[in-house]
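Some notes on the structure that comes next.
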Amino acid sequence: MQIRARMSMSADGYVTTPEGWPALTADPAFGSGQSHGIQEFLADCEAALMGRTTFEPALTNERWPWPSLDVFVLASHRPEGTPDHVVSESDPARLLERIRAANRGGDVHLVGGPRTIETFRALGALDTLELVVVPLLFGGGMQLTPSLSPQAALTFVRERALPGGSVEIVYSCGDRRDPLPKRPASQRTS
């Protein structure tokens, strides 16, 4: 089992539009559940893990976003209207234990914002960070950092061009990287 965060961001580094919508939804090439490689990504996933803020809007969707996935929600309380099959837990470590106990060998899609991703990265549970960079500039919105620690150790795995000009970039995640140097590489001696 791997826990894989996949999120979109604008070319200027925002994961949401200024109005708070996920970056991907602003892309004219976006098709809900159909575009930007999401079907290939979900083919290896058996579960979705998210925070309450990401989960609650799904309760009023016309279409349940995770029809073939087990759903786990990090929340201080069980949101009203949550289907019985959804697991809700307030402690991230206990929720992680429940995910591992239920796992049948597939990956877990860590859906959500930077704070939720950082919560599981800090526990050492995040295996990959997969970014879909859309060819748009927002000039505002929520950024990936500072919620996701700049100390996160990311190792480039692969990239691929997607239709419409977006690019998918995949990183493996380690625990922590060394602090940034005080001087840029071009100004250091030895």
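For the condition within 22 Å of Glu40 (Cβ to Cβ), aliphatic (A, V, I, L, M) and surrounded by 14 or more Cβ atoms within 10 Å (Cβ to Cβ), what is the one hit in Val134, Val157?
On the way: Val157 fails: surrounded by 14 or more Cβ atoms within 10 Å (Cβ to Cβ).
Val134 is the lone residue from the list that is within 22 Å of Glu40 (Cβ to Cβ), aliphatic (A, V, I, L, M) and surrounded by 14 or more Cβ atoms within 10 Å (Cβ to Cβ).
A count restricted to the stretch 43-61 and to residues that are at pLDDT below 90 and crowded, with 18+ Cβ neighbours inside 10 Å stands at 2. What helices (runs of 4 or more DSSP H) completely inside the stretch 1-113 contain at least 1 residues that are over 15 Å from the mean Cα position of the chain (by Cα)? It comes to 38-42, 92-102. Quick one: which of Phe120, Phe156 is assigned to a strand (DSSP E or B) and over 24 Å from Gly31 (Cα atoms)? Being assigned to a strand (DSSP E or B) and over 24 Å from Gly31 (Cα atoms) holds for just one of Phe120, Phe156, which is Phe156.
Condition check ((1) out of contact with any Asp or Glu (no Cβ under 7 Å at 6 or more places or on another chain); (2) under 20 Å from Val167 (Cα atoms)) across all residues:
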| position | (1), (2) |
| --- | --- |
| Asp107 | no, no |
| Leu110 | yes, yes |
| Pro114 | yes, yes |
| Ile117 | yes, no |
| Leu123 | yes, no |
| Leu126 | yes, no |
| Val132 | no, yes |
| Leu137 | no, yes |
| Leu144 | yes, yes |
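The combined condition, being of a type in the set (Ser, Thr, Tyr), under 22 Å from Thr25 (Cα atoms) and open to solvent by 50 Å² or more (accessible area, probe 1.4 Å), is fulfilled by Thr145.
Taking the stretch 62-105 as the range and being over 14 Å from Phe120 (Cα atoms) and open to solvent by 80 Å² or more (accessible area, probe 1.4 Å) as the test, the residues that pass are Glu62, Arg63, Pro67, Ser68, Ser76, His77, Arg78, Glu80, Asp84, His85, Ala101, Arg104.
Return yes or no: is Ala26 open to solvent by less than 70 Å² (accessible area, probe 1.4 Å) and modelled with pLDDT of 90 or more? Against the criterion (open to solvent by less than 70 Å² (accessible area, probe 1.4 Å) and modelled with pLDDT of 90 or more), Ala26 qualifies.
The values are calculated or read from the model by the stated rules, or taken from the named source; none is laboratory data. What you see is a predicted model, and the numbers here were worked out from it, not measured in a lab. A quick note on method: Cβ atoms are made from the backbone with ideal geometry, for glycine too, and the neighbour counts reach across all protein chains shown. The accessibility values were calculated without ligands, DNA or RNA, using every heavy atom of the protein model including side chains. Shrake-Rupley method; radii C 1.70, N 1.55, O 1.52, S 1.80 Å.
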